[in-house]
Amino acid sequence: MTQTDDSRFRLDGKTALVFGGRGTLGRAFCETLARAGARVRAADIAPLPEPFAGGEISHAVVDVRKEASVATVMREAVYNGRLDVMVYAVTTKPDDFYAPFEECSLEGWQTIMRAELDGMFLACREAGRAMSGGGGSIVLLSSIYGIVGNDQRIYEGANLAAVYGKATRGARQIYSHAGYAAAKGGVVSMTRFLAAYWGHAGIRVNCISPGGLEHPGENAEFVRRYSERVPMGRKARPQEIADAVRFLASDAASYVTGHNLVVQGHRGAHGSRAAADCGGHALVAGIRRNHHRNRSRRIPAARSGSHQPFFRRADWRCACEWHGHG
C-alpha cells in the first residue's frame with residue numbers, strides 16, 4: 001500500500017495572497033497557509049489590528065472596488081516572479097443587511113455586489129495574469145447560501161444585527177440578505193468558468209462553501225436553531241474551513257479544479273433530497289453527462305400527448321450518488 005506523502009500538503013517556497021485577511025476566516029487562512037510554509041501577504045481595506053500568529057505574513061491595504069488598488073497589491077505580492085496561491089475571502093454587510101427583502105435598498109444590494117463579485121473579478125483577473133507563466137491555485141469563498149435557499153426561520157430571536165453593528169427598527173425578525181445569496185451563487189459559477197478557461201495554463205480554480213461559523217457574540221437561541229439543522233449538531237470552526245483552503249492550495253489537490261468544496265456538517269440533510277443530497281448541482285451534471293451520451297444516438301420520438309424525459313430517473317440517482325455532497 002502506498003503511503004500518503006505529507007509533503008504534498010506543504011506550501012514551502014510558495015507565495016500566497018489572501019484578500020480579506022483581516023476577517024475571522026481571512027486570519028485563519030493566512031495563519032494556516034503560513035504554518036504550511038507559504039510566504040503570505042494579507043490584504044484588506046484597513047490595517048490589521050493585531051499581529052498574526054507565526055509564519056511569514058506581511059500586510060497590505062487594498063480597496064477591492066478599485067482596479068488600480070487591486071493591481072498594485074497583486075504586483076507587490078509577486079515574489080521572485082511568482083504568485084502561487086490567491087484566496088478571495090472578501091464580504092461586506094450594508095446597513096440594511098438584516099432587513100426584510102421588501103425593504104432592502106438598491107444601494108445595499110450594489111454594496112454587496114461590488115465587494116463580492118466586482119472585487120473577485122478584479123482579483124481573479126490580476127491573479128490569472130500573474131500566474132500565466134507557471135500556473136497556480138485560486139481559492140474563492142462562497143457559502144452554503146450560494147447553493148441552497150436560506151431558511152429564514154433560523155433567524156427568529158437571533159442577535160446577529162447587534163453582533164455585527166447593523167441597526168434594526170425595533171424588536172423584530174431579522175433576515176439574511178438576498179444579495180449575499182446571489183453573490184455567493186455567482187462565486188460558484190465564476191469558479192467553474194475560470195477552471196475551464198485556465199485549465200490549459202495549469203491554473204486551478206476552486207471554491208469553498210462553508211456553513212455557519214462559530215462566533216462568540218451569537219446568542220444561544222440562534223446557535224440552537226442553526227445547530228438543530230446540522231446532523232453534526234454544531235456550527236463550523238474557522239480552522240476547519242482554513243484546512244480546506246490549505247488542501248486546495250497545495251499539490252495534494254493537483255487534479256482538483258472547478259470544484260465547490262462544501263464544508264457545512266451536512267446541513268440540509270433532513271430537507272429536500274435533490275438540493276441537499278446533491279449539493280445543489282449534481283442534477284445539472286447528470287443532465288450534461290446524459291446529453292453527451294445521447295448526442296450520438298437517436299432518441300425515439302414521444303407518443304402524441306406524452307412527455308419524453310431528457311434523462312432517466314435512474315441516471316439522475318446515479319449522478320447524485322457520484323457527486324456526493326460537494
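Scanning the range 262-274 finds one or more residues that are closer than 30 Å to A36 by Cβ, modelled with pLDDT of 80 or more and among the β-branched types (V, I, T). The C-beta contact set for the range 23-46 (first residue outside any helix (DSSP H, G or I) and at pLDDT 95 or above, second residue hydroxyl-bearing (S, T, Y) and crowded, with 21+ Cβ neighbours inside 10 Å, distance under 9 angstrom, 6+ apart or interchain) comprises A36/S250; A38/T15; R39/T15; V40/T15; R41/T15.
Contact map, the range 96-108: first residue assigned to a loop (DSSP other than H, G, I, E, B), second residue crowded, with 19+ Cβ neighbours inside 10 Å and among the charged types (D, E, K, R), Cβ cut-off under 8 Å, separation 6 or more or different chains; pairs are C104/D96; S105/D96. Would it be correct to say that A99 is surrounded by fewer than 23 Cβ atoms within 10 Å (Cβ to Cβ) and of a type in the set (A, V, I, L, M)? It is true that A99 is surrounded by fewer than 23 Cβ atoms within 10 Å (Cβ to Cβ) and of a type in the set (A, V, I, L, M). Of all the residues in the range 109-138, those that are among the polar types (S, T, N, Q) and in a loop (DSSP other than H, G, I, E, B) number 1. Cβ-Cβ distances below 7 Å connect the following pairs, each with a first residue in the range 139-158 that is over 28 Å from R246 (Cα atoms), a second residue that is acidic (D, E) and assigned to a helix (DSSP H, G or I), and a separation of six or more residues or different chains: G157/E221; A158/E221. Taken over the range 1-34, the criterion of being more than 18 Å from the chain's Cα centre (by Cα) and surrounded by fewer than 16 Cβ atoms within 10 Å (Cβ to Cβ) is satisfied by M1, T2, Q3, T4, D5, D6, S7, R8, D12, G13.
Restricting attention to the range 130-137, does a residue exist that is touching an Asp or Glu at 6+ places or on another chain (Cβ under 9 Å), at pLDDT below 95 and surrounded by fewer than 21 Cβ atoms within 10 Å (Cβ to Cβ)? Steps first, please.
Taking the range 130-137 and keeping what is touching an Asp or Glu at 6+ places or on another chain (Cβ under 9 Å), we get 131, 134-137.
Now narrow it down to the ones that are at pLDDT below 95: 134.
With surrounded by fewer than 21 Cβ atoms within 10 Å (Cβ to Cβ) added as a condition, the list becomes 134.
Yes.
Residues in the range 180-232 that are touching a residue at least 60 places away in the same chain (Cβ under 8 Å), part of a helix (DSSP H, G or I), of a type in the set (D, E, K, R) and more than 28 Å from G128 (Cα to Cα): E221, R225.
The values are calculated or read from the model by the stated rules, or taken from the named source; none is laboratory data. Note that this is a predicted model, so its numbers are computed, not measured. We place every Cβ from the backbone using ideal geometry, glycine too, and count neighbours over all the protein chains shown.
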